[in-house]
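Comments concern the structure below.
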Amino acid sequence: MKNFFCFIFAFSAAGMSIAASVEQYVNSVEKIRGVYAQDIRGFLRSLNPQTTQFTPEQQAKYCQINQRYIQDMSDAIEKNRSSLPQQYASMTKQDLIKQVVESKEMQMLAKYNVQCDFK
């Protein structure tokens, strides 16, 4: 009977640890997305409506915002990988890069000929 209670306690503690890790991941993702949204809005507001092509500085800034998003999301996944559902745990940095490249923002800015070399 004593062994049974030890097993239940150990199982419960492991479950709470996984739940805490998933919650930490969700909180990290919310923070990363919030920072990204704020940065990208600020960047887009700074553009002249008459702009037809990004300056090298604008392109560098835009790529930097997206590269930081990719890196932060990759770090959050890596830190919590063992606790995440398979669909998230199996995500690689390349998957994140693909999501960014195929995002609405990147599609909208295609007319500006933006070229980012995400790593």
Report the calculated FRET efficiency for Thr51 and Glu102 (r = Cβ-Cβ distance, R0 = 30 Å), to the nearest 0.05. 0.85
Once the piece of chain linking Asp75 and Asn113 is laid out straight, how much longer is it, given 0.36 nm per residue of separation minus the C-alpha distance between them? 10.8 nm
Residues Asp75, Asp39 arranged by fewest to most Cβ contacts within 10 Å: Asp75, Asp39
What nm value, rounded to one decimal, do you get for the distance between Val22 and Lys61 when each label is placed 7 Å out toward the C-beta? 4.0 nm
Longer than 19 Å from Cα to Cα, which of Lys93/Lys119; Lys98/Lys119; Lys79/Lys104 are they? Say none if no pair is. Lys79/Lys104
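Bear in mind that the values in this text are calculations on the coordinates, not laboratory data. None of these values were measured; they are calculated from a predicted model. Every residue, glycine as well, gets a Cβ built from its backbone with ideal geometry; the counts of neighbours run over all protein chains shown.
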